[in-house]
Structure formats: structure tokens, C-alpha cells
Amino acid sequence: MGTLTNDMKRIVWQQRLGYIATVFPDGTPNLSPKATAGWDDDR
């Protein structure tokens, strides 16, 4: 399993929202905000 560095952890914990972008099969984009969280070195 990977390990999150202290810098990676800091970035996750300091952010309020992350954004996930996908594209539907018809080409329509979808962008939605998601809450960020970190639990341990792998997630």
C-alpha cells in the first residue's frame, strides 16, 4: 500500500472541498464538489 506524506495529509486536511469531473457517454460534462477527508496513510 502507498503512504501519504505529511505534505499530502496537510493538503487534504486544509481543503474544504474537492471537485470530481466526469463525462457522460453522450459527452456531457459533470462537475460536482465533494467534501475532502483523510483517515490514515492509505486513504
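Just so you know, all these numbers are worked out from the coordinates, no wet-lab data involved. Since this is a predicted model, take the numbers as computed values, not measurements. A quick note on method: Cβ atoms are made from the backbone with ideal geometry, for glycine too, and the neighbour counts reach across all protein chains shown.
Using the number of other C-beta atoms within 10 angstrom as an exposure proxy, rank Lys9, Lys34 with the fewest first.
Working: Lys9 13, Lys34 9.
Lowest to highest Cβ neighbour count: Lys34, Lys9.
Label positions at Asp26 and Asn6, each projected 7 Å from the Cα along the C-beta direction, are separated by 5.1 nm.
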